[in-house]
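Comments concern the structure below.
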Amino acid sequence: MSELRKVNVDGKEIEVPGHYTLMQACEEAGAEIPRFCYHERLSVAGNCRMCLVEWVGAPKPMASCAMSVNDLRPNRDGTPANIRTDSAVVKKAREGVMEFLLINHPLDCPICDQGGECDLQDQAMGYGRGRTRYDEPKRAVEEKNMGPLVKTNMTRCIQCTRCVRFISEVAGVEELGLVNRGENAEITTYLQANLTSELSGNVIDLCPVGALTSRPYAFNARPWELVKTESVDVMDAVGSNIRVDSRGSEVMRILPRNNDDVNEEWISDKTRFVWDGLKRQRLDKPFVRKNDKLVPASWGEALDVVAKRLKGDPERMAAIAGDLCDMESMKALKDLMGSLGVTSLDCRQDGAAIGGQGNGQGREGYLFNSGIAGIDKADAILLIGTNPRMEAPIINARIRGVWLHGEADIGVIGQAADLTYPYEHLGTGPADIAAFAKKRGGFAARFKKAKNPMIIVGMGALSRPDGAQVLREVGELAAKMKIVREDWNGFNVLHTAAARVGGLDIGFIPTNGGKNTDDILIAAKAGEIDTVYLLGADEIDMSALGKAFVIYQGSHGDAGAHRADVILPGAAYTEKDGLYTNTEGRMQDGFRSVFPKGEAREDWAILRALSDTLERTLPYDDLEGLRATIRRPDASAFDPAKLGKSGKVTGKAFASPVTDHYLTNPIARASAVMAACAANTLGVREAAE
Amino acid sequence: MSGRHLAKEQPDSFAFSKEGESQAKYWIAKYPDGKQRSAVIPLLWIAQKDNGGWLSEPAMRTVGDRLGMAHIRVLEVATFYTMFKLEPVGEHLIQVCGTTPCMLRGSGDIIKVCKNRIGEKNTISADGKFTWEEVECLGACVNAPMVQISNTSGDHYYEDLDEAAMEKLLGDLAAGKAVKDGPQNGRKTSEPLGGALTLSDKSLYNGARAKPLKSIPNAPKLAKKAAPKKGTKK
């Protein structure tokens, strides 16, 4: 980008690219610069003045976040410019800024939720004077409503405007602003409307003080009481890296972890606030249906009932895995069913036409091949049958990011939804895919010329009766546009379920003429299948199961548990160690943060115990042994033109499978916070209509 | 100084007047495509004039929608600049300059008149005619003290005021009588009271003292040659 420039930081000469800010240069040299308003992933505001450094010879200290190394000129004798971060000038400047910030900041740290993890607290300790000289009254600011997630305490606000910049730039909804001026400046939404972004919770992390805090977590715990467990999110197929904070047996909150390749440092509101769903509607002991009523049973009793059923005709049995399953439990269930001779297995509750026999296209046929970070390199993105804002807000923010920096054009075939960035709407249904290939001008022309074109196809296009045919159309388009090359693979499938890629990877799909989800349901209704094992599967139509005997293993009392004849209480994702493979095929470790509720057990252990009762003991005694049997499918040649099945597509328009972003899985449906969010967006949607 | 807030009672809607509409178009056309939001301040100003001197919430929304801006961005601008009134004002908005020169020349008396006649600042007088506020320098210190009065006929300066002149001014405005803007004590613009005292010699202006110039300093040397002939090209 620009050539290297020499600069002298605290007597240490370093060489950095000229476009670096002084702050970056100082950090390169190992100096620590305090800051409030500056944030790596947001635009530079330069209004907190905490990052002042001394440029020897300059009349005043410089805001190091807003000045670049290129702006420095060398000393008169030709030596590189001297920057000091440890001089008396800098110390005095920092103390001055800190004193001004604290003039109007209340001394309510003991009752503030940010206490213990507050930038202002830390920096006041590190760089402040330690004593106040201010006797005048402090200003007080009215609280502002920002919706069910973000609690405000605006008297504490130091006007760094990080939240305003995040909501406008990353979340892409211009809803926050700084109104009035000077000492009356206040952060607010327009007429105190609720925030409508799916990423709004991130302003809580960004806020360097306690002005914006988590409403559901308010007054619940102190950061130093919490046990922190690094884990992986399962709310969508992104696999956001999270940190689960727990106290005793309770998950108290969920925070993001930094992973530049996946979620950067953001997480969606669903990921962040779903934890109250982990405390409600839990299955904490086995149940067996007697006289049409579910009654509590012992583990031995429940397993005996299940084992008896599973000793029947394997042709008349089926298993369906849900969207939140870890790979180990799916592998254990697959192995168990395999040993019984059951062939009707499926991990695709929505009937998506991906993976499995007939397609024969290895992993690439169902992966987000460019990787989430690959979006940054794309210069033309075609979205087919997907609404990433609803299905994977983190990926949507990434797409918005490349659009914002002017590097990508976006086209959509499918619903014309508000994605927070402008796009060319190229049609609504499968017929428009072929038509797009013939189009000239506009986005189509730019797509053909693009260096790194990208197609993102969603479950709205693939989980329909003609999904396989649509997949073929998309594959042919990808082949025609030469999207899959040696150095670039822009064929991307965006999943909606965290378990999906893992399930496909271990082959949790019908084998040897077995039935897929749709056929299992049809057969069950017709009475051809009389035992169905649901591993956390709640999204299928339970009424279609007919008179079948349903075994439900899962963590929440949702649709599956209501229909079940036997309930085996399992663990939610925060209660077990597990492997999850995200939509790009990245396998990540989730770790147990708290123990399963009541008598519930980790899911693979339940299946292991069941195999014992069945006298078909699975060949592993611990998680390590089980993991050793999990392998990725072997790499095979990938030809997008051979994906799916050829055939006629229907004219039906694509519709996103995610109709209510906040209520897509049993944990979210059990959460009161998610219900409030759903009601909030519902209100907005109705008002807009 | 307390923070400025939107008025508690808001009208249901706002629409630009015919003239406001054409002015808005003129301002929007000044900016290149995609940069229409640059016209937010002129449009808010036009909207304020069309709305009886203050900005209602529907007016801000109208401006935002017209420029393709988020409403919060319009609110930010409208609350930042004190020239935008967020609450209804009287028929005449009186802005009394209270900065040092005016203060030394008696703006305190003007404020006293306002308080007596109208009431507290930023309130509407009982008859609905006036609202007054104190502002910083309006750039007419030479005619201090002064006020600016805004109404449907525009923004006018009334200068060289004293208590009596201010009383009369307010009385005339309230009665709907025509008032003359500028100095109220007989001065002509910023000349001394009673007329100019210097540079009054007529010969300064009638050319009687003119002398021919030998040369004009720094002027290019006049070419001695005649102008190039017509029709020749280089």
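The values are calculated or read from the model by the stated rules, or taken from the named source; none is laboratory data. Computed from a predicted structure; not experimentally measured. So basically every Cβ, Gly included, is an ideal-geometry build from the backbone, and we count neighbours across all protein chains shown. What goes into the accessible areas is simple: the full protein's heavy atoms, side chains included, and nothing from ligands, DNA or RNA. Shrake-Rupley method; radii C 1.70, N 1.55, O 1.52, S 1.80 Å.
Using helices alone, I'd like the mean residue ellipticity at 222 nm for chain A: each DSSP H run of four-plus residues gives -39500 (n - 2.57), total over residue count, nearest 500.
Per the formula, -7500 deg cm²/dmol.
Tell me the accessible surface of A:His425 in square angstrom (1.4 angstrom probe, heavy atoms of protein chains only), to the nearest ten.
80 Å²
Taking the Cα atoms of the range A:104-192 alone, what are Rg (to one decimal) and Dmax (as a whole number) in Å?
Spelled out, the Cα radius of gyration and Dmax of the range A:104-192 are 14.4, 42 Å.
Using DSSP to define loop residues, name the GluC sites (Glu not before Pro) in the range A:410-503 whose beta-carbon has at most 12 other beta-carbon atoms within 10 Å.
Values: sites: A:Glu424, A:Glu473, A:Glu476, A:Glu486; in loops: A:Glu486.
In loop regions of the range A:410-503 (DSSP not H, G, I, E or B), the sparsely surrounded GluC sites (Glu not before Pro) are A:Glu486.
For A:Asp326, B:Asp109, give me the order by solvent-accessible area with a 1.4 Å probe, most accessible first, ignoring ligands, DNA and RNA.
Largest accessible area first, the list is B:Asp109, A:Asp326.
Assuming 0.692 mPa s and 37 °C, estimate D for the range A:564-685 with Stokes-Einstein, Rh taken as the Kirkwood radius over Cα pairs, in µm²/s. Kindly include the intermediate steps, with their values, before the conclusion.
Values: Rh = 19.1 Å.
D = 172 µm²/s.
Please work out whether chain B counts as rounded, prolate or oblate from its C-alpha gyration tensor, where a ≥ b ≥ c are the square roots of the eigenvalues and a/c under 1.5 means rounded, while otherwise a/b larger than b/c means prolate and anything else oblate?
Oblate.
Report, in cubic angstrom per residue, the convex hull volume of the C-alpha atoms of the range A:390-491. Present the calculation step by step, with values, prior to reporting the outcome.
Details: hull volume 10.8 nm³, N = 102.
So the per-residue Cα hull volume is 106 Å³.
What's the total accessible area buried between chains B and A, using a 1.4 Å probe, rounded to the nearest 100 Å²? Don't skip to the end; give the middle numbers.
Details: alone 15550 and 28130 Å², together 42220 Å².
Interface between B and A: roughly 1400 Å².
For the range A:19-118, build the convex hull from the C-alpha positions and give me its volume per residue in Å³. Before the final figure, lay out each step's value.
Numbers: hull volume 12.5 nm³, N = 100.
Per-residue hull volume (Cα only) is 125 Å³.
Suppose R0 equals 41 Å; then what is the FRET efficiency for B:Ser22 and A:Glu142 from their Cβ-Cβ distance, rounded to the nearest 0.05? Spell out each step's value before the answer.
Details: r = 40 Å, r/R0 = 0.98.
For B:Ser22 and A:Glu142, the calculated efficiency is 0.55.
Put +1 on the Cβ of each Lys and Arg and -1 on the Cβ of each Asp and Glu in the protein assembly as shown; which of A:Gly625, A:Asn452, A:Asn489 then has its Cα farthest toward the positive end of the dipole?
A:Asn452
Quick one: with all protein chains in place, what share of the accessible area of the range A:259-332 is carbon or sulfur, to the nearest percent (1.4 Å probe)?
Details: 1300 of 2870 Å².
The C+S portion of the solvent-accessible surface of the range A:259-332 is 45 percent.
Take each of the peptides B:18-28, A:489-499, A:576-586, average the number of other beta-carbon atoms within 10 Å over its residues, and list them starting from the highest.
Output ranking for B:18-28, A:489-499, A:576-586: A:489-499, A:576-586, B:18-28.
Looking at the range B:51-152, which chymotrypsin sites (Phe, Trp or Tyr not before Pro) are in a loop (DSSP not H, G, I, E or B) and have at most 14 other Cβ atoms within 10 Å? All intermediate terms of the calculation are to be shown ahead of the outcome.
Numbers: sites: B:Trp54, B:Phe80, B:Tyr81, B:Phe84, B:Phe130, B:Trp132; in loops: B:Trp54, B:Tyr81, B:Phe84.
The qualifying sites are B:Tyr81.
Report, in debye and to the nearest 20, how large the dipole of the protein assembly as shown comes out about its Cα centre when Lys and Arg carry +1 and Asp and Glu carry -1 on their Cβ. Show your work: numbers first, answer last.
Working: 119 positive and 122 negative charges, 870 e Å.
It comes to approximately 4180 debye.
Do any trypsin sites (Lys or Arg not before Pro) in the range A:307-384 lie in a DSSP loop with no more than 16 other beta carbon atoms within 10 Å, and if so, which? Before the final figure, lay out each step's value.
On the way: sites: A:Lys308, A:Arg309, A:Lys311, A:Arg316, A:Lys331, A:Lys334, A:Arg348, A:Arg363, A:Lys377; in loops: A:Lys311, A:Arg348, A:Arg363.
Answer in residue order: A:Lys311.
How large is the charge dipole for the range A:230-334, taken about the Cα centre, if only the Cβ atoms of Lys, Arg (+1) and Asp, Glu (-1) carry charge, to the nearest 20 debye?
Working: 19 positive and 20 negative charges, 170 e Å.
Computed about the Cα centre, the dipole is about 820 debye.
Which entries in the list B:Lys18/B:Lys129; A:Lys270/A:Lys334; A:Lys151/B:Lys121; B:Lys115/B:Lys188; B:Lys18/B:Lys85; B:Lys85/B:Lys168 go over 32 Å, if you measure between the two C-alpha atoms of each? Please list the in-between numbers first.
On the way: B:Lys18/B:Lys129 25 Å; A:Lys270/A:Lys334 30 Å; A:Lys151/B:Lys121 36 Å; B:Lys115/B:Lys188 29 Å; B:Lys18/B:Lys85 22 Å; B:Lys85/B:Lys168 26 Å.
Beyond 32 Å: A:Lys151/B:Lys121.
With the crude spin-label approximation of a point 7 Å out along Cα→Cβ, what separation in nm comes out for A:Thr511 versus A:Leu191?
6.1 nm
For the range B:18-80, what is the convex hull volume of its Cα atoms per residue in Å³?
Working: hull volume 4.5 nm³, N = 63.
Looking at the range B:18-80, the number lands at 72 Å³ per residue.
Return the distance in nm (one decimal) between the two label points of a simple spin-label model at A:Asp122 and B:Lys214, each offset 7 Å from Cα along Cα→Cβ.
Using points 7 Å along Cα→Cβ, the separation is 7.9 nm.
Of B:His92, B:Ser200, A:Ala318, which is farthest towards the positive pole of the protein assembly as shown's charge dipole, taken about the Cα centre with +1 and -1 on the beta-carbons of Lys, Arg and Asp, Glu respectively?
B:Ser200
If I take R0 = 25 Å and measure r between the Cβ atoms of A:Asp660 and A:Ala218 in this structure, what FRET efficiency does the formula 1/(1 + (r/R0)^6) give, to the nearest 0.05?
Numbers: r = 25 Å, r/R0 = 1.02.
Rounded to the nearest 0.05, the efficiency is 0.50.
For a label point 7 Å from the Cα of B:Leu199 along Cα→C-beta, name the residues of the range B:141-184 whose backbone N is under 17 Å from it.
Of the residues in the range B:141-184, B:142-143 have backbone N under 17 Å from the label point off B:Leu199.
Could you tell me which residue out of A:Phe273, B:Gly64, B:Val179 lies farthest along the dipole of the protein assembly as shown toward its positive end? Charges go on the beta carbon: Lys and Arg +1, Asp and Glu -1, centred on the Cα centre.
Among A:Phe273, B:Gly64, B:Val179, the one farthest towards the positive end of the dipole of the protein assembly as shown is B:Val179.
On average, how much area does the Cα convex hull of the range A:32-89 cover when viewed from any direction, in nm²?
Numbers: hull surface 18.1 nm².
The number I arrive at for the range A:32-89 is 4.5 nm².
For the range B:61-149, what Kirkwood radius comes out of the mean inverse Cα-Cα distance, in Å? Before the final figure, lay out each step's value.
Numbers: mean 1/r = 0.0690 Å⁻¹.
Computed over the range B:61-149, the radius equals 14.5 Å.
Kindly write out, for the range A:593-602 in residue order, the coupling ³J(HN,Hα) from the Karplus curve 6.51 cos²θ - 1.76 cosθ + 1.60 (θ = phi - 60°), rounded to whole Hz, with x marking Gly and Pro.
Listing the rounded values in order: 10, 9, 7, x, 6, x, 8, 4, 10, 4 Hz.
How big is the range A:487-577 by Rg and Dmax over its Cα atoms, in Å?
Over the range A:487-577's Cα set, Rg and Dmax evaluate to 15.4, 53 Å.
Taking Rh as the Kirkwood radius, which is the inverse of the mean 1/r over Cα pairs, what is the Rg/Rh value for chain A? Spell out each step's value before the answer.
On the way: Rg = 27.8 Å, Rh = 27.4 Å.
Result: Rg/Rh = 1.01.
Give the accessible surface of the range A:429-587 per residue, rounded to a whole number of Å², with probe radius 1.4 Å and ligands, DNA and RNA excluded. Walk me through the numbers before you get to the answer.
Details: 5050 Å² over 159 residues.
With the other protein chains kept in place, the range A:429-587 gives 32 Å² per residue.
Label A:Glu15 and A:Lys547 with points 7 Å out from Cα along Cα→Cβ: what is the distance between them in nm?
My value for the distance between the label points is 8.3 nm.
With every protein chain present, what is the per residue accessible area of the range B:92-183 (1.4 Å probe, Å²)?
Numbers: 4390 Å² over 92 residues.
Solvent-accessible surface per residue comes out at 48 Å².
Report the paramagnetic label zone for A:Asp589: residues of the range A:619-661 whose backbone N is under 18 Å from a point 7 Å from Cα along the Cα-to-Cβ axis.
Residues passing the 18 Å test: A:622-632.
Just from its helices, what would the mean residue ellipticity at 222 nm be for chain B, if runs of 4 or more DSSP H residues each count -39500 (n - 2.57) and the sum is divided by every residue, rounded to the nearest 500 deg cm²/dmol? Each step should come with its number before you reach the end.
Numbers: 7 runs with 73 residues, N = 234.
Only helices count here, giving -9500 deg cm²/dmol.
May I ask you to derive the FRET efficiency for B:Lys121 and B:Lys8 from their Cβ-Cβ distance with R0 = 25 Å, giving the value to the nearest 0.05? Walk me through the numbers before you get to the answer.
Numbers: r = 18 Å, r/R0 = 0.73.
Calculated value: 0.85.
Quick check for me: using +1 on Lys/Arg Cβ and -1 on Asp/Glu Cβ, what's the dipole size of the range B:18-80 about its Cα centre, in debye to the nearest 20?
Value, rounded to 20: 160 debye.
Report the relative contact order of chain A, percent, no decimals, based on alpha-carbon pairs under 8 angstrom and at least 6 residues apart. Mind dumping the intermediate values first?
Working: 1513 pairs, mean separation 104.6, N = 689.
15 percent.
Under 20 Å from the 7 Å Cα→Cβ point of A:Asp577, by amide nitrogen: which residues of the range A:621-662?
A:621-632, by backbone N distance to the label point.
Work out, in µm²/s and without decimals, the Stokes-Einstein translational diffusion coefficient of the range B:104-144 at 4 °C, 1.567 mPa s, Rh from Kirkwood over C-alpha pairs. The partial results should precede the final answer.
Numbers: Rh = 11.2 Å.
For the chosen part, D equals 116 µm²/s.
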